[in-house]
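What follows draws every value from the coordinates through simple rules; no lab data is involved. Since we're looking at a predicted model, the values are computed, not measured. Every residue, glycine as well, gets a Cβ built from its backbone with ideal geometry; the counts of neighbours run over all protein chains shown.
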Amino acid sequence: MDKFEPGYIRLAREGKLAERVQAANKILESCTLCPRQCQVNRLAGEQKFCRMGKLPVVSSFGPHFGEERPLVGRSGSGTIFFTYCNLGCIFCQNYDISHLGHGEEISLEKLAGMMLFLQKVGCHNINFVTPTHATPQILAALEIAIEQGLHLPLVYNCGGYESIETIRLLDGIFDIYMPDFKYADPEVARRLSQAKDYPERAREAVKEMHRQVGDLVVDNQGIALRGLLVRHLVLPQGLAGTREVTRFLAQELSPHTYINVMDQYRPCFKAGEYPDIDRRPTYSEFQEAVRIAREQGLYRLDGMTI
């Protein structure tokens with residue numbers, strides 16, 4: 001395989017990345033980065049649902065070995081975890097970050113330095129976790145990092161509640177998209193994540209992501225270079241809508257879609273207040289979700305021998 005060049009390097013060379021940075025920063029004057037359309041002036045320090053203002057807030061960064069196999073390889077995925085979130089999941093396992101706000105406001109230069117450090121220690125990619133509300137800051141820091149030699153693929157690791165306009169702005173910058181697809185039922189999405197329009201917004205965004213990067217492509221070591229990976233967390237009592245989600249992926253995107261059907265759910269944060277999710281999925285519930293995914297025609301299941 002020829003030497004892979006991430007798309008953002010090409011855009012920077014052509015002078016187009018600077019235009020995207022300017023456009024993204026302009027959005028912060030009346031923020032519409034995500035479907036909540038809060039329209040607050042974050043450049044002036046105003047905050048609303050995501051509670052992030054002008055500068056990025058980061059909780060941690062470092063090599064991560066618990067991500068999907070094509071991201072981890074031998075040296076790990078270079079994760080940068082952003083504080084806060086544009087979703088309001090009442091069962092979030094990282095609630096100390098997403099709800100309680102554990103993290104530090106940092107400069108763009110420090111964010112760029114984190115990217116370069118992760119590259120220096122050998123990570124295979126730079127993996128931005130919960131990046132939606134920090135997208136303009138990521139792009140601005142990326143310009144700084146490119147000047148200092150950043151060349152790794154970038155991963156947009158999001159909750160799936162995305163504005164299609166923002167995703168279009170990222171075309172050619174992110175070579176790897178890794179969204180969650182949490183729910184198929186608007187009422188479940190409203191009750192558990194304060195986002196009744198989640199299924200519709202996720203479908204739009206994932207379609208656009210796939211249009212940009214296509215099915216997952218890996219190198220001869222199995223490391224992701226470009227493409228879409230989808231995460232689907234199995235919830236008790238079928239609340240995640242696995243059949244509808246996997247049918248959408250197989251029929252409206254591609255049967256070659258790489259999917260991680262996840263069994264990690266456990267009751268966290270306020271899940272104990274909701275009897276139908278106050279337990280882990282049973283083994284049979286998880287196996288049924290995997291069976292459904294395969295039945296719909298998906299065969300690239302993370303961590304499973306097909």
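Quick notes
- Of the residues screened, Gln221 is one that is touching a residue at least 40 places away in the same chain (Cβ under 8 Å) and more than 25 Å from Gly15 (Cα to Cα).
- Among the residues of the range 193-238, those that are closer than 29 Å to Gln287 by Cβ and either among the aromatic types (Phe, Trp, Tyr) or assigned to a strand (DSSP E or B) (or both) comprise Tyr198, Asp215, Val218, Ala224, Gly227, Leu228, Leu229, Val230, Arg231, His232, Leu233.
- Of the listed requirements (1) without any contact (Cβ under 8 Å) to a residue 40 or more places away in the chain; (2) surrounded by 18 or more Cβ atoms within 10 Å (Cβ to Cβ); (3) not in a loop (DSSP other than H, G, I, E, B), Gln22 misses just one: (2).
- Only residues that are more than 19 Å from Glu46 (Cα to Cα) and of a type in the set (Val, Ile, Thr) were counted in the range 11-33, giving 1.
- Failed condition for Gly122, given (1) within 17 Å of Ile173 (Cβ to Cβ); (2) touching a Pro at 6+ places or on another chain (Cβ under 8 Å): (1)
- Identity of the residue in the range 156-176, in a strand (DSSP E or B) and more than 17 Å from Met262 (Cα to Cα), that ends up nearest to the chain's Cα centre (by Cα): Tyr156
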